[in-house]
Amino acid sequence: MLRKEDEHPAFLHWNETHSTNRLPREIYRTLIERLDNLPKSRIKALDERLEATMREMGVTFDISRDRAWGMRPWICDLLPQVFAAEEWSLVGKALAQRMKAFELFLRDIYGGREILRSGTLPVQPVLGSPFYQHAASGLPLPGGAFLHLSGASFCRLPDGRMAFKHHYFSNASGISYMMQNRRALARVLPQSFGNLPIASIAEVPTAILENLHALSGGGEPRAVLLSPGSGSAVYSEHAFLARRMGIPLVQGGDLLVLNDALYLKTVSGLEKVDIIYSRVSDPWLDPMVFRRDSLLGVSGLVHCIRRGSVVLVNAIGSQLADDRALLPFSTTIIRFYLGERPVLPGLPTYWLGDIDQRELVLADIASYTIRPLYGERIVLGGDGKRPTEKACEEACHEILQNASGYVAQPQDCDATTITYHDGRRKERRQDHIIFALRGADGNPEVFESALTRTSTESSPYTSNELGGGSKDTWVEDTADTSPQDRQPVREVALPSQHVGSRVAEAFYWVGRYLERASSLAGMIRVIETLELEELNPTERTLYRPVWNKILPPLENPEGVTRRNISSPAGRHRLALDLKEPDSVAKTVTKAARNAESILECLSLEAWGVLASLRGNFSRVRFRPKAAEAAITSATKKVCDDVSSRVPEFFGMAEATMLADGGWAFCEIGQLIERAIITANALQSILKKSGARSGDESEHEEEIRLSAFLRLLNSRDIYRRVYQMRIEEVPLLELLWQNPDAPRSVTRCLQGCINRLQQTREINSPATRRTLGGFEHLLEDTMQTHWQGLLDAGGEGARTRGSELLKRTLDLHHLISDGFLNHQVFIHSEIQPNLFGPKNAL
C-alpha cells in the first residue's frame with residue numbers, strides 16, 4: 001500500500017515498473033509477480049538478509065562517523081532495475097558522445113581556449129569556476145587525455161524519455177556499489193537471475209587496471225589507489241576496488257616525493273609508484289600547489305607529474321567538467337567540438353549566475369530543485385513535493401547571496417519505481433549513474449550496468465549522501481562471445497608484494513586488540529563459571545584476589561580505582577561498557593575500526609566474521625541498572641561470542657587470505673599481546689612468592705595457583721605436562737619457558753621470530769634489528785633459573801620477572817620503530833635506484 005503522500009504527488013513522474021493501466025511492464029512482470037507472491041514475513045526476512053549481507057561484505061555509505069558499532073550499511077532493494085538492450089545501447093552512445101565532447105573541451109580550456117575566443121561560451125562560468133585549476137595548464141596528460149574513468153547520471157522525463165542530469169566525469173564514484181549490489185542480490189535471491197540473460201560486470205576492475213597499466217608506456221608499473229582515508233563515506237568503495245584490482249589502497253601520508261619521483265612507504269623501504277588512480281579532489285592533492293591546509297595529498301606530487309615520473313588518473317583539471325554551471329551549455333559543447341546533435345538531451349538546467357535564467361527560476365522557484373555547483377546538497381526541492389512558502393523564501397535569500405554558485409533543474413524528473421521493504425511494496429523515486437572507461441582507441445566503453453539510486457523511507461532524495469538507497473541494475477545481454485574470441489592471457493612479471501607501513505600498523509593493532517578482547521572475555525567466562533560452582537567462602541576469598549590482579553592494565557581516569565571483576569556488575573561493566581577504555585566491547589570496536597581501514601587487504605570471509613561479532617555487540621547493550629540475572633546473562637552471551645568468534649576470525653583469515661607481510665603483522669600483534677598478558681599475569685604470582693603466611697596451607701596455595709591457571713586457560717595443559725599438583729616453579733617454567741604451551745612467553749616470542757624470518761626483506765636493517773631484539777629476549781627467558789631465584793627468598797625472582805615484563809612490553813617499540821612508524825630506512829641494497837652501489841644511508 002502506498003503512503004498517502006505518494007498517492008497524489010505534487011509533480012508528474014514516469015512510472016518505471018508499471019504502465020498506465022497499473023499492470024507491470026513486461027520486462028518486470030515475472031520479477032514483480034515472484035516477489036508479490038511471497039508472504040510479507042518472507043519479504044521482510046529477505047530484506048533483512050540483504051542488509052546483513054551488505055554489512056558482512058563491508059559495504060557501507062555514511063557521512064556520520066560517530067556510530068559506536070560501525071557505519072550504516074549500503075541499502076539495496078530486492079527488485080532490480082532492468083534495461084532492454086536497445087534502450088541501453090542508446091544510453092551508452094549518449095554517454096560516449098558526452099565524454100568525447102568534454103574531453104575536447106578540457107583540452108581546449110587548458111590549451112588554446114578556442115571556444116572562449118570564438119564567443120561560443122561565456123568566459124565567466126568557465127574561467128571563473130571554482131573547479132578551474134590554473135596549475136593544470138601545461139601538465140602532461142596520461143595517455144594524452146584528461147578523462148579515463150568517468151560517470152554521469154541520467155533520469156526519466158515525465159514522458160519517459162531519458163535525459164542527462166549531472167556529470168561525474170572527474171570522479172566516477174559508485175562503481176563498486178554497482179558491483180556489490182549484483183553480488184549481494186545473487187546471494188540472497190539467486191532464483192531471480194534465471195529468466196533473463198544479464199550482461200556481466202565481473203571484469204570491470206580488471207578492465208580499469210589494464211587501462212591504468214596501458215598509460216605507463218610499458219613494463220609492469222606500480223599502481224596505487226589514492227583515497228582520503230577511512231573517514232570518507234565511500235571508503236568501502238575504495239577498498240573494494242583496490243582489492244579487486246590487486247593494488248595498494250594508500251593515503252597521502254603513505255607516499256613520499258624524493259628525487260623527483262613518488263614512493264610508497266613499505267615495511268621494506270621505499271617503493272616507486274608509477275600510476276595513481278586518485279579518488280581525492282584536485283584542491284587536496286598537493287599542498288604545495290593547491291590548498292596549503294590539505295592533509296590528504298602529497299607535497300610535491302604536481303612536480304612529479306610535470307616531470308613525467310608519475311601518472312595521475314583522472315588528470316588534474318578534470319573536475320571542471322563536473323561544474324553544474326556548464327550543464328546548460330552541454331549541447332553547445334557537443335556541437336562545437338563534434339559537430340553533432342546530442343544523442344540524448346540534458347535535463348533542462350539553469351545557471352543562476354545568468355540574470356535572465358535566475359529571474360525565470362525565481363518567478364516559479366517551487367517547481368525547481370536548487371543545487372550548488374558541486375556536491376549533493378540540495379537547497380530546495382529534490383523530493384518531488386511542492387515546498388512551503390517559507391522554504392522558498394529561505395532558498396531565495398541564500399541564492400541571492402551568491403547566485404553564480406547555484407543551478408536549478410525541474411522537479412518533474414526522475415521516474416517512480418517500487419521497492420520492497422519491511423514486508424511491503426512501496427513507491428519510490430529513482431535515477432541512475434552510468435560509467436565508462438576510455439578504451440585503447442580513445443573511444444569510451446560503457447559498462448553494462450549502472451548504479452540505480454532510489455529514495456527511501458527515511459529520505460525523499462535519491463542521492464546516497466542524503467540517505468538514498470539503490471537497486472541492482474540489469475542490462476539485457478545480446479552478445480554471444482565464444483571462448484576463442486577472448487583475448488589470451490598475457491605473461492607478466494609478478495608485481496611487488498611489499499606491504500605499506502600503514503597497512504602493517506592496522507593489521508598489527510587488529511591482532512593486539514582481538515587478543516586482548518579474547519583474553520579478557522575468557523577470564524570473565526571463567527569467573528562466571530566459578531561463581532556457579534560450590535565453593536566455600538574461604539575458597540572464594542582465595543580466588544578473588546587473583547582475578548583482580550592479573551587483569552590487563554586499564555586506562556582509568558585519574559582518581560578512579562581500577563574496576564574489579566568480583567561482582568556481576570563489575571564483570572558486566574568490563575564486558576560491555578564502551579566508556580571503559582579496555583572493556584571487551586571497546587576493544588572489539590577498536591579492532592573493527594582498524595580492520596575497516598584496510599578492507600582492501602582483508603578477505604570478505606574474515607571481515608564477515610568480524611562484522612558479525614561487532615553487530616552482535618550492537619544488539620546486547622550495557623545496562624548497569626538491570627536486574628542481576630539480566631546483566632549476568634548479557635555478560636555471558638557477549639563473552640561466549642568473543643571467545644568463539646576471535647579464533648574463527650584468525651582461522652578464516654589464515655584459510656582465505658594471502659599469507660603476505662600484512663597478515664604476518666596481525667599474527668605478530670596477537671602474539672605480542674598474548675606474551676604481555678602472560679608476563680603481566682605472572683608478576684601477580686611472583687609478588688606472592690615467599691610471602692605466604694603461616695596460616696596459609698599448601699591446599700590454599702594450590703587453590704590460588706589453580707585459579708591463576710584457569711584464568712589463563714592453562715590448567716589442563718599444566719596437568720598434561722607435569723601430572724602433579726600445581727606448584728609455583730613448574731607454573732613459572734610452563735608459562736615463561738615451555739615452547740609448546742599456547743600462552744607461554746617463549747612460544748609467543750618464537751612465533752614472532754618465525755614470522756619476521758619469513759618476510760621478503762630479511763636482510764633489511766629494520767628486520768635484522770628487530771629480530772635481534774626478539775632473539776636476545778628469548779635467549780634470556782630460556783636461561784632463567786626460577787627454582788634458584790625462588791630458593792634465594794623470592795626477591796630475585798620478582799626482580800627478574802619485572803625485568804622480563806618490561807622487555808616484553810618494549811617489543812612493541814621494536815616493531816613500531818622498525819616497521820610501523822612510517823620511518824624510511826633506505827639502503828643501497830634495497831633501493832639501488834636512489835643510491836650508487838657503494839652508498840648507503
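The values are calculated or read from the model by the stated rules, or taken from the named source; none is laboratory data. From a predicted model like this one, the values you see are computed outputs, not experimental measurements. Please note: Cβ atoms are built from the backbone with ideal geometry, for glycine as well, and neighbour counts cover all protein chains shown. Ligands, DNA and RNA are stripped out before the accessible areas are found, and what is left, the full protein with its side chains, is counted by its heavy atoms. Shrake-Rupley method; radii C 1.70, N 1.55, O 1.52, S 1.80 Å.
See the values below:
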| quantity | calculated |
| --- | --- |
| Number of the condition not met by L285 [criteria: (1) free of Cβ contacts under 8 Å to residues at least 60 places away in the same chain; (2) surrounded by fewer than 23 Cβ atoms within 10 Å (Cβ to Cβ)] | (2) |
| Check on L226, touching a Gly at 6+ places or on another chain (Cβ under 8 Å), among the hydrophobic types (A, V, I, L, M, F, W, C) and closer than 14 Å to G500 by Cα | yes |
| Filter result (among the β-branched types (V, I, T) and modelled with pLDDT of 80 or more) within segment 663-702 | I668, I672, I676, I677, T678 |
| Positions within segment 187-198 being part of a helix (DSSP H, G or I) and either of a type in the set (F, W, Y) or more than 18 Å from D477 (Cβ to Cβ) (or both), in sequence order | R187, V188, Q191, F193 |
| Segment 777-796 - residue that is of a type in the set (A, V, I, L, M, F, W, C) and more than 12 Å from E733 (Cβ to Cβ) and, of those, least open to solvent (accessible area, probe 1.4 Å) | L777 |
| Odd one out for F154, checked against (1) at pLDDT below 95; (2) out of contact with any His (no Cβ under 8 Å at 6 or more places or on another chain) | (2) |
| One residue from L196, L226, L262, L255 being within 27 Å of F819 (Cβ to Cβ) and over 23 Å from the mean Cα position of the chain (by Cα) | L262 |
| Segment 601-651: number of residues that are over 19 Å from the mean Cα position of the chain (by Cα) and among the aliphatic types (A, V, I, L, M) | 10 |
| Count of residues meeting criterion [open to solvent by 40 Å² or more (accessible area, probe 1.4 Å), within 29 Å of I247 (Cβ to Cβ) and either assigned to a helix (DSSP H, G or I) or among the aliphatic types (A, V, I, L, M) (or both)] in segment 652-686 | 6 |
| Residue count, segment 6-25 (criterion: assigned to a helix (DSSP H, G or I) and either modelled with pLDDT of 90 or more or under 24 Å from L347 (Cβ atoms) (or both)) | 1 |
| Identity of the residue in segment 707-741, part of a helix (DSSP H, G or I) and among the basic types (K, R), that ends up most open to solvent (accessible area, probe 1.4 Å) | R720 |
| Extreme residue, surrounded by the most Cβ atoms within 10 Å (Cβ to Cβ), among residues of segment 410-432 that are in contact with a helix residue (DSSP H, G or I) (Cβ under 8 Å, 6 or more places away or on another chain) and closer than 30 Å to D354 by Cα | Q411 |
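For (1) part of a helix (DSSP H, G or I); (2) among the hydroxyl-bearing types (S, T, Y); (3) open to solvent by 20 Å² or more (accessible area, probe 1.4 Å); (4) in contact with a Pro (Cβ under 8 Å, 6 or more places away or on another chain), each residue gets a yes or a no:
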{"position": "A152", "(1), (2), (3), (4)": "no, no, no, no"}
{"position": "P158", "(1), (2), (3), (4)": "no, no, yes, no"}
{"position": "N171", "(1), (2), (3), (4)": "no, no, yes, no"}
{"position": "S176", "(1), (2), (3), (4)": "yes, yes, no, no"}
{"position": "L185", "(1), (2), (3), (4)": "yes, no, no, yes"}
